[in-house]
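Report on one structure; see the data block that follows.
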Amino acid sequence: MLDRIKALFGRPKTEGTKAPRARETLNDTYSVIYAIGDVHGRLDLLKQLEAKILADGDHIGGQKLIVQLGDLIDRGPHSAKTIDHMLSRPARGWHRRAIVGNHEITLCEALHNSRVFERWLGFGGVETLGSYGIGQREIQSALGNSRRVSELLQTVVPPEHIQFLLALPLTLTVENFVFAHAGGRPGIALGAQEERDYLWYTGSRDDIRTDGKTIVHGHEIVALPEIFPGRINVDTGAYKTGILSAVRLEKNVPPRTIQATAT
C-alpha cells in the first residue's frame with residue numbers, strides 16, 4: 001500500500017512557501033563550526049555523528065556551533081524523534097542551529113493544502129507520518145480534504161514541532177560561511193538568490209566565488225563530501241547509504257569531514 005501511495009503522488013511540484021523565510025546572520029564568534037548534511041529521519045546516525053563531533057571539539061575552547069543543513073525529516077524512520085532531539089538542549093559550550101530544507105517546506109505547506117499533502121506522501125511524507133504513529137487508514141481518510149489534512153497533522157504533530165519547522169530560516173550566515181540547503185544557483189549574487197534556488201536547485205555548479213564567501217549545503221547526494229574553494233557539499237545520502245557526513249570549519253585550518261556509518 002505504501003509503495004502504491006508513493007507511486008501515485010510522486011514528488012511535489014510546489015516549491016517554496018508563500019511567506020518568505022528569514023535569511024539570518026549570526027554575529028557571535030565561534031571557535032569551530034560543524035555542518036551536518038541531510039539527516040532524513042536517521043536519528044541513529046545523527047546521534048552517532050554528534051558524539052564524534054563532541055569528542056572532536058572537546059579540546060577547543062570558546063563557543064562551538066553545530067548547523068543542520070535542512071531535510072531533517074522524511075524518508076528515514078525517525079523524523080518525529082529527530083525533531084525532539086533538535087529541541088533538546090545541546091551539551092555545555094555548544095550551540096545548535098538548523099536551516100530549512102525542501103522537505104520541511106513541503107510539510108509546512110501540506111498543513112493546509114491537501115494537494116501538497118498528497119504529493120508529499122510520495123516524497124517521504126509516508127515515513128514521517130509513520131514516525132508520528134499515523135497509519136494507512138488515517139492517511140487514506142484525509143486524501144483530497146484540506147480540512148481533514150489540517151486536522152490530522154495538527155492533531156498528531158506536536159505544536160512545538162510545527163513551530164520549530166515554521167521558524168527555520170532559509171539561510172544562516174556566520175562570518176564568511178553561508179549555510180543554505182541546496183546551495184543556490186551559480187552566477188547569482190547571494191542576496192539575489194530566490195527561495196527556490198536555496199531550497200531546490202540541482203544542476204551544474206560554479207565552484208569559484210569572487211565574494212569571499214563559502215556556501216555550505218546538502219540536497220544533492222554525493223559519494224564523498226565535496227570541498228571546493230567557495231562551496232562545500234556534505235549530503236552523502238544518509239537515508240539510503242547509511243552514511244551521514246559533517247564538515248568541520250575552523251579559521252586558518254583546512255575543512256575536514258567527519259562521518260557516522262550504519263553498523
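The values are calculated or read from the model by the stated rules, or taken from the named source; none is laboratory data. Note that the structure is predicted; figures quoted are calculated from it, not measured. Glycine also receives a Cβ, built like all others from the backbone with ideal geometry; neighbour counts cover every protein chain displayed. Remember, those area values only see protein heavy atoms, side chains included, never the ligands or the DNA or RNA. Shrake-Rupley method; radii C 1.70, N 1.55, O 1.52, S 1.80 Å.
Considering only beta bridges that DSSP places wholly inside the chain, some 45 percent are antiparallel. A cut-off of 5 Å between modelled amide H atoms, ignoring neighbours fewer than 5 places along the same chain, links VAL178 with THR214, ILE215, VAL216. Over segment 85-236, the Kirkwood radius and the radius of gyration, each from Cα atoms, give a ratio Rg/Rh of 1.03. Exposed loop positions in the chain were taken to be trypsin sites (Lys or Arg not before Pro) whose DSSP state is not H, G, I, E or B and which have at most 11 other beta-carbon atoms within 10 angstrom. Between these positions, the longest stretch is 93-250. Using bins of 10 Å that start at zero, the share of Cα-Cα pairs per bin across segment 17-75 amounts to 18, 41, 32, 8, 0, in whole %. Entry note, the chain: relative contact order of 25 percent, from Cα contacts under 8 Å with a spacing of 6+ residues. Here the dipole of segment 108-218 is about 280 debye; that uses its Cα centre as origin and unit charges on the Cβ of Lys and Arg (positive) and Asp and Glu (negative).
Helix 43-56 and the longest principal axis of the Cα set of the chain meet at an angle near 10°. Here the 3J(HN,Hα) profile of segment 61-66, calculated from phi with Karplus coefficients 6.51, -1.76 and 1.60 at θ = phi - 60°, is x, x, 7, 10, 10, 10 Hz, Gly and Pro shown as x.
Surface composition of segment 158-263: carbon plus sulfur atoms hold 54% of the accessible area, using a 1.4 angstrom probe and ignoring ligands, DNA and RNA. The charge dipole of the chain, taken about its Cα centre with unit charges on the Cβ of Lys, Arg, Asp and Glu (plus for the first two, minus for the last two), comes to roughly 240 debye.
Solvent-accessible area per residue in the chain equals 46 Å², computed with a 1.4 angstrom probe and all protein chains kept.
Cα-based values for the chain, radius of gyration first and Dmax second, are 18.0, 56 Å. A dipole drawn for segment 61-100 from +1 and -1 charges on Cβ atoms has a positive end, and of ILE83, HIS95, GLN68 the residue lying farthest that way is HIS95. Summed over qualifying helices (DSSP H, 4 residues or more, each -39500 (n - 2.57)) and divided by its residue number, the chain shows a 222 nm mean residue ellipticity of -9500 deg cm²/dmol.
State whether segment 188-263 is rounded, prolate or oblate according to the following rule on the C-alpha gyration tensor (a ≥ b ≥ c being the square roots of its eigenvalues): a/c under 1.5 gives rounded; otherwise a/b larger than b/c gives prolate, and the remaining case gives oblate. Oblate shape, in that a/c is at least 1.5 and b/c is the bigger or equal ratio.
Its relative contact order, with pairs defined as Cα atoms under 8 Å and 6+ residues apart, puts segment 185-263 at 18 percent. Hydrodynamic analysis of segment 105-186 uses the Kirkwood radius over alpha carbon pairs. Inserted into Stokes-Einstein at 10 °C and 1.306 mPa s, it gives a translational diffusion coefficient of 113 µm²/s.
Using only Cα coordinates, the Kirkwood hydrodynamic radius of segment 9-108 works out to 14.8 Å.
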